Amino acid sequence: MNILFKTLKEKIRANPSGLYVLFYTEMWELFGRFGITALLVLYLTNVFHVDDAKAFSIYSAFIALTFATPILGGYFSDKYLGTKRAILLGAFIMILGDALMVIPVEWIVFLGLAIVAVGSGFFLPSIPPLVSALYERDERKRDAGFTLYYLGKNLGALIAPILCGFVGQWFGINYAFILSTVGMISGVIIFLLGQKHLSFYHQQAKSAKKKFYGLSTNTLIYLIAVIMVPVVMLVLATNIDGYLLAVTGVICAVILTAILTKRSMVERKHTIALLIAIACMIIFEAFLGQGGTTLNLFIERNINRQFLGVIFPPGFFYALDPVFMLLMGPFLAGFWMRLADRGKEPAVTTKFALALFLLALGFLVFVLAAHQATLTGSASLIYIVVAYFLFPMAELCIIPISLSLVTKMSPVGLNALMVGIWMLSNAASSYFTGEISKIGQVNFPLNTTASLQQAAAIYQHLFADTAKILAVTGILILLIGPIVKRLIKAKAIN
């Protein structure tokens, strides 16, 4: 065991110091984002008395927009702003949005959500290219490096639900968003102080002095960001995110086709492999996203949350995912690195299939919990602990690995844009999360044991179907694994 810890410690220390600046920066962004996602459905249903279906729609639309706006933001980052400037612009915009969420007025909350989504468009696609650049000279460590990056930033996902959950329970949910604001400010400070560790990265963005109708490029981008806010508010209020995603998807398909017509056959094969990975990601995250919707409400309604005399808020259990991720993630990262050193690292599709099977197993645990609740109205919180141990193991086998794959395959000069396209898959999965969650909506009062049992039966059915679909998808990924492996190896990664 001591040898294992020593080896793990050496592997982690072997990573560039810039990696820690980046994951600390995004750790605080994730703190702000998880503060919102852990509480948004509860905020809408308990404070504004929105019904389950409407709350699910708003939640999924917000998450979808958070990951759709990086398409535009990634383009601006690549071509005009530069990665570092885009990160700072996005961060300052999100700080404003988080602050507005504190005001418990419905239209102001929608405004805050819209501003956060727009800020995410600049921030989210700009960090991964910096992480990728850290490993240009040592590709063997790339997957492990992205795993450590994903792991480190999830410290924010751990802290936010606990602090925001208890602040929301004791003082009011709106006051919890003060912490999200402070967290984002902390991220900006860390990024600015850590610039000496990122001095290696000199992106050549186009000159900001170029004029369009008398306006500099940067000024025009700032105006576009302002215009995007009411557009995003409209999408949140009218539930047209599905149509917007469809249009965006078509536009992305056209852009990709235009790019690939000018690229080699090798890059085309790489793109096919990437699209398969993205499709897998959409399925995985569409069901994992229920953590903020049906699973959150199931825990609030059907789980006995009292332990040692303390009643834990539902958002507290949202933190179990990153807790186990932080405990087990370093071992998994070290494991991948040791296998890579020996030339025995599993194929990408094998990791993806493992992720799907682990997530399916986690939902089977929720099936058992829901079954117990159908008998008594509530279930033990031990089920939640077990399920949320399996979920982060599944995440670590697919999310950082797929992001690493994107950065390896991106055409030269389009890194942030391609990360933005990858994030569009997150947007699509968030939309599907909302639609899936509506199957588990409870539209009757929960004021008797019988009504709680009835609600648990609805959740049990949804969780069982989820597990089946994930398991079947995992089997399919294993079957097409050899084809994907040949597509990936069509180009040697230096």
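The values are calculated or read from the model by the stated rules, or taken from the named source; none is laboratory data. This is a predicted model, so every value here is computed, not measured. Using ideal geometry, Cβ is built from the backbone for each residue, glycine included, and neighbour counts are taken over all protein chains shown.
Structure notes:
- Single residue of segment 36-79 satisfying the filter (closer than 27 Å to THR248 by Cα and among the hydroxyl-bearing types (Ser, Thr, Tyr)) that is surrounded by the most Cβ atoms within 10 Å (Cβ to Cβ): SER77
- Residue in segment 465-487 that is at pLDDT 90 or above, part of a helix (DSSP H, G or I) and of a type in the set (Asp, Glu) present: yes
- In the condition set (1) touching an Asp or Glu at 6+ places or on another chain (Cβ under 9 Å); (2) at pLDDT below 85; (3) crowded, with 19+ Cβ neighbours inside 10 Å, GLY90 is compliant with all but (2).
- Scan of segment 23-69 for residues that are of a type in the set (Asp, Glu) and assigned to a loop (DSSP other than H, G, I, E, B), ordered by number: ASP51
- Per-region count, segment 263-293, residues assigned to a helix (DSSP H, G or I) and under 16 Å from the mean Cα position of the chain (by Cα): 16
- Of the helices (runs of 4 or more DSSP H) contained entirely in segment 308-398, those carrying at least 3 residues that are free of Cβ contacts under 8 Å to residues at least 40 places away in the same chain and either aromatic (Phe, Trp, Tyr) or within 19 Å of LEU295 (Cβ to Cβ) (or both) fall at 348-376, 382-396.
- Qualifying residue in segment 246-259 (condition: assigned by the TED database to the domain that holds ALA55 and at pLDDT 75 or above): no
- Residues in segment 214-230 that are at pLDDT below 85 and either assigned to a loop (DSSP other than H, G, I, E, B) or small (Gly, Ala, Ser) (or both): GLY214, SER216.
- Selected residue (criterion: farthest from ASN443 (Cα to Cα)) from residues of segment 300-326 that are over 21 Å from the mean Cα position of the chain (by Cα) and hydrophobic (A, V, I, L, M, F, W, C): LEU308
- For beta carbons closer than 7 Å, sequence separation of 6+ or different chains, a first residue in segment 111-126 that is acidic (Asp, Glu) and a second that is buried (at least 24 other Cβ atoms within 10 Å of the Cβ) and part of a helix (DSSP H, G or I), there are no qualifying pairs.
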